[in-house]
Structures are given as structure tokens and as C-alpha cells.
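Scroll down for the structure; my scribbles are underneath it.
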Amino acid sequence: MTTAVDTVSALKDKFAAEILSENEFRGEQTILVSLPALPAILAYCKEELDFDYLVDISSVDNMGEEPRFEMVYELYSLHTHVHLRIKARVSEDHLEVPSVVNLWPTADWHEREVYDMMGIRFKNHPDLRRILMWEGYPYYPLRKDFPLAGKPSDMPDVAFTKPAPLAGGPFVSSDPKDRVTGEPRAKG
């Protein structure tokens, strides 16, 4: 039976110099790899270690650190039932990482979301355009330097500049005693 520990061991045997650190937390294995080795390591995971399911791609803004950003790939093997997290750091000076759409077609929308929300570009992505914000939007809303109150907009019909009120909003429970009518989805 293959475990996540076995998988990390196999990756360390093959890519020892490119694995910067490893971490186990609550039974989950995470490895930090060098950015130049990321495509080869991910391809090895898919083709040799049977990680056939790309669960998610996300990014982290570690504002104040260098490199500032971190890419996070959540992989799963439907055959061995092993979960693995692979991270790679990305410098603010060079916000581009290789696309993995060639390995997992589902990476398409994940990479578009990371680009849209954080501004990290994906080299060789087949259709890198915004997925949530409109084309031409000049900011990246999930970066830590993006103000919580939002930015002024020249398009008031698309976005508003005032903070959204919480009272009576679609995600605020109006009756904490009755979960059925207080559920936000029950309002519409």
C-alpha cells in the first residue's frame, strides 16, 4: 500500500536537490519545491506516481516576505487514495509559473482564478483571461495590499464603492432560533 510518506520519499529520491522542505501536519504531507523544478515534479506525480486528480490550485500572498507569493497544488490519487500538497514560491519580480493544463485539463479554470485574483501569470496557458473580474480591471483582489473596503470604480453599474451592508444581506441569518427560515438560501 502506498502512503503519502512513501510518495514524498519517492520524490526525494528522484528530486532531492529540488525539494526545499517537507512538512507533515495532521497526517497531510506537504513539500516545498524550487520553481524551476515544479513542471518536472508535477509531471512525475501525474505520470509515474498516479496522481490523476488535481484537486485545486491556489496561491498565498505572504506580503512582507521574499519571495512574496506561493503556489499551492493539491493532488490526489484515485487509485492509491493518497493526498499530496506541493508548494513553490514565486517572486514578485517574476510573477509567472508554468501552466499544468497539459497534465490536468481541469487546471484551466484554477489557473485563471489565480491569475484573476493574484496576478500570477501561467506560461503556455491556452486561454489566460480573467474569470471573475471583468477584463481591464486593474487590481488583484486577493492580494493583501488590496483594501478591504474595495477600490473606487469608474463603473458604478458594475461595482459599487461603498462597503456592502451586512444587516439583512443575503448571507446573514435573520432568525438564529429557526435555521430553516434563517438560512441565507431561504431568503430568495
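A short reminder: the numbers here are calculations on the coordinates, not readings from a lab. What you see is a predicted model; the values in this text were computed from it and never measured. Virtual Cβ from ideal backbone geometry, glycine too; neighbours counted across all protein chains shown.
Quick notes on this one:
- Residue match in the range 127-137 (condition: over 26 Å from PHE25 (Cα atoms) and under 13 Å from the mean Cα position of the chain (by Cα)): no
- Every residue from the range 59-94 that is basic (Lys, Arg), within 19 Å of ALA40 (Cα to Cα) and without any contact (Cβ under 8 Å) to a residue 40 or more places away in the chain: none
- Selection status of ARG130, over 30 Å from TYR44 (Cβ atoms) and of a type outside the set (S, T, N, Q): yes
- Residue pairs whose Cβ atoms lie under 6 Å apart, sitting 6 or more positions apart in sequence or on different chains, and linking a residue in the range 116-134 that is within 19 Å of LEU38 (Cβ to Cβ) to a partner that is of a type in the set (D, E, K, R) and part of a helix (DSSP H, G or I), are PHE122/GLU111; HIS125/GLU111.
- Filter result (β-branched (Val, Ile, Thr) and over 25 Å from THR3 (Cα atoms)) within the range 59-110: VAL60, VAL90, VAL97, VAL101
- Among the residues of the range 7-20, those that are without any contact (Cβ under 8 Å) to a residue 60 or more places away in the chain and either of a type in the set (S, T, N, Q) or over 10 Å from VAL33 (Cα atoms) (or both) comprise SER9, ALA10, LEU11, LYS12, ASP13, LYS14.
- Filter pass, ASP56 being within 17 Å of the chain's Cα centre (by Cα) and in contact (Cβ under 8 Å) with a residue 60 or more places away in the chain: no
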